[in-house]
Amino acid sequence: LTEQHINGEVVGFSLPKAKEARPPFPEVLNFIKESLSLDQPVAFLNLHHGDVMNLDSWHWVTIVALDADSGLIHVYDGGKKWAIDLALWYKTTPRAGGFASIRG
């Protein structure tokens, strides 16, 4: 196994299970927008899909685009590109989730 070196820092943004403890949705969008503006995809861990039926629970996907006005993200999963309603997920998921990207 060869060691890999990353030029940059892995940064994360987590959403707790308790909805009242979650950061406001615009902060989630800002994290994603900042990473994408640096040409860095965002890893998205969703532990429960909530009311978003085209998103698997307990699953990582890669965010490659964001429409901040609508709250839609575009992800790759299983070799296919999907449009996911992140705002709906944020409002309806009963579990935690998180995002990670490389900065620097």
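The values are calculated or read from the model by the stated rules, or taken from the named source; none is laboratory data. Since we're looking at a predicted model, the values are computed, not measured. Cβ atoms come from the backbone with ideal geometry, glycine included; neighbour counts cover every protein chain shown. Accessible surface areas use protein heavy atoms only, side chains included; no ligands, DNA or RNA. Shrake-Rupley method; radii C 1.70, N 1.55, O 1.52, S 1.80 Å.
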* Within the range 63-80, identify whether any single residue is more than 10 Å from the chain's Cα centre (by Cα), among the polar types (S, T, N, Q) and under 12 Å from Gly97 (Cβ atoms), and answer yes or no. => no
* Subset of the range 1-31 [β-branched (Val, Ile, Thr) and closer than 22 Å to Ile73 by Cβ] -> Val10, Val11, Val28
* Of all the residues that make up the range 27-39, how many are open to solvent by 60 Å² or more (accessible area, probe 1.4 Å), of a type outside the set (Gly, Ala, Ser) and either touching a Cys at 6+ places or on another chain (Cβ under 8 Å) or farther than 19 Å from Leu88 by Cβ (or both)? -> 3
* Structure fact -> Filtering the range 1-26 down to residues that are open to solvent by 90 Å² or more (accessible area, probe 1.4 Å) and either part of a strand (DSSP E or B) or closer than 16 Å to Ala87 by Cα (or both) yields Glu9, Val10, Lys17, Lys19, Glu20
* Asked: Among the residues of the range 78-91, is any assigned to a strand (DSSP E or B), at pLDDT below 95 and of a type in the set (Val, Ile, Thr)?
  -> no
* Asked: Given the structure, is Asp51 of a type in the set (Asp, Glu), without any contact (Cβ under 8 Å) to a residue 60 or more places away in the chain and out of contact with any His (no Cβ under 9 Å at 6 or more places or on another chain)?
  -> yes
* Quick one: how many residues across the range 48-57 are buried (at least 16 other Cβ atoms within 10 Å of the Cβ) and either within 12 Å of Ile84 (Cβ to Cβ) or touching a strand residue (DSSP E or B) at 6+ places or on another chain (Cβ under 6 Å) (or both)? -> 4
